[in-house]
Structure formats: C-alpha cells, structure tokens
Amino acid sequence: MERSAITVVLLPNAKDSKQLVACSTALGRQHDSLIALGPSALPHVTVAQFYAPESAALELWKQVSHLPAKVTELRSTAFCYFPESNRRMTWIELGFLKTVAVNELHTAVLQTEFARTHEIRSRRGDEFRPHCTLGLAEGKGTFPFDLAPYDIFGRAFTDVTLSVGVNGDDFTYSRALFPERR
C-alpha cells in the first residue's frame, strides 16, 4: 500500500504567502537551507498530519471541511530554532500563537474517524506547536537573520484557509488538494 503523508493545514493568503516565500528564500541563501518555501513547498501551518495514501485525502477533507471556520487569523510570535538530535540539522520556523480557536481546530481534527483509523504523524496535544517552517539548516544552534525586510513577525495573518493536501520531501506541504484551487 502507498504510504505518504496527507496533512490538514491553514494556508496564509496570497500576500502573506509571498512574504513567507521571500523570507525563506533569503534565509536559504544566507544559511544554505536544505528546503525553501515556493511552488513545491507551500507556506502553511500544520493542524494535523497523517500517514495515509494520497487517495484517502478526499475522505479526510469530507470529515474536516464541515468543521466550524473559527480560525480566520494566525498571529506570529517568535522566530524559532529546533535542532534535531539525530540528523545534526536545525529547523528554522516562524511560530504562531496557539490560540483557543487554533487548538480547538487541532483537537477537532484529531477527533475525526479518519484520525482514529490512520496513524498520526504530527505532534499533538501539549506538543502541538503552530508554526511555518522557513528553512532546514545543517548544524545546530542559531542562524542570525534579519527579519525586518519581511512583514511576517509579530502580526496577524488574516484570511487563512483550511486545506488538505500531500507532503513532499522532508514533509514540506507540496500540493493542496482541497479545497480545489480555481
């Protein structure tokens, strides 16, 4: 059986996505990031991620698309570094406030029938950290970077969209399947 990751995410609006891609691209040039946001790694905030065949994405969408759309904005709060102990790599992320609405959405997705019948790949509960990955750099520690040119820090990201799609390499969100883009 095909085993990939399908993910429920919050997608930023087009203007905010453009800023996140520009920041990720510059960060990647400065620190030789192994990933960069762009057409094959869409800016997003993961709500929950599952191991499942891509063909199951519609089933997941049907179960989450009816959830109340209480999350209409995300507020960025921190520029974070998360070293991996086993790969000598550091994930570079823009953290978002874990609001009641974001946490309720996360909990509701994990209470679906889909979540009960598929392996959950993402952090959950108290370990759930809303964030947008901006880069993955070799080494451990901090990677100095000036966020000032990018309008992404300490503000609200409005008009976010709930989406279900598939992940590519290093679990980047590579394709939004639902809702269908026009």
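What about residue 93, is it in a helix (DSSP H, G or I), within 18 Å of the chain's Cα centre (by Cα) and farther than 22 Å from residue 53 by Cβ?
For residue 93, the condition - in a helix (DSSP H, G or I), within 18 Å of the chain's Cα centre (by Cα) and farther than 22 Å from residue 53 by Cβ - is not met.
Checking the conditions here, which among 27, 20, 105, 58 is among the aliphatic types (A, V, I, L, M) and either assigned to a strand (DSSP E or B) or surrounded by fewer than 19 Cβ atoms within 10 Å (Cβ to Cβ) (or both)?
From the options 27, 20, 105, 58, the qualifying one is 58.
Does residue 49 count as surrounded by 13 or more Cβ atoms within 10 Å (Cβ to Cβ) and outside any strand (DSSP E or B)?
no
Could you grab me the full set of residues in segment 128-182 that are surrounded by 14 or more Cβ atoms within 10 Å (Cβ to Cβ), among the β-branched types (Val, Ile, Thr) and over 19 Å from residue 115 (Cα atoms)?
133, 152, 160, 161, 172
Which members of segment 134-148 meet the condition of being out of contact with any helix residue (DSSP H, G or I) (no Cβ under 8 Å at 6 or more places or on another chain) and either within 11 Å of residue 23 (Cβ to Cβ) or among the basic types (Lys, Arg) (or both)?
Scanning segment 134-148 gives 140, 146, 148.
Applying the selection to segment 149-174, what residues are hydroxyl-bearing (Ser, Thr, Tyr) and out of contact with any helix residue (DSSP H, G or I) (no Cβ under 9 Å at 6 or more places or on another chain)?
Within segment 149-174, 161, 172, 173, 174 meet the criteria.
If residue 169 satisfies all but one of (1) under 16 Å from residue 50 (Cα atoms); (2) of a type outside the set (Val, Ile, Thr); (3) in contact with a Cys (Cβ under 8 Å, 6 or more places away or on another chain), what's the number of the condition it fails?
(3)
Does residue 60 fit the bill of being over 27 Å from residue 149 (Cα atoms), in contact with a Phe, Trp or Tyr (Cβ under 6 Å, 6 or more places away or on another chain) and in contact (Cβ under 8 Å) with a residue 12 or more places away in the chain?
Here the answer is yes, as residue 60 does meet what is asked.
Read the figures in this text as sums done on the coordinates, not as results from a lab. Quick caveat, the model's predicted, so the values are computed rather than measured. Neighbour counts are summed over all protein chains in view; Cβ atoms, including those assigned to glycine, are modelled from backbone coordinates with ideal geometry.
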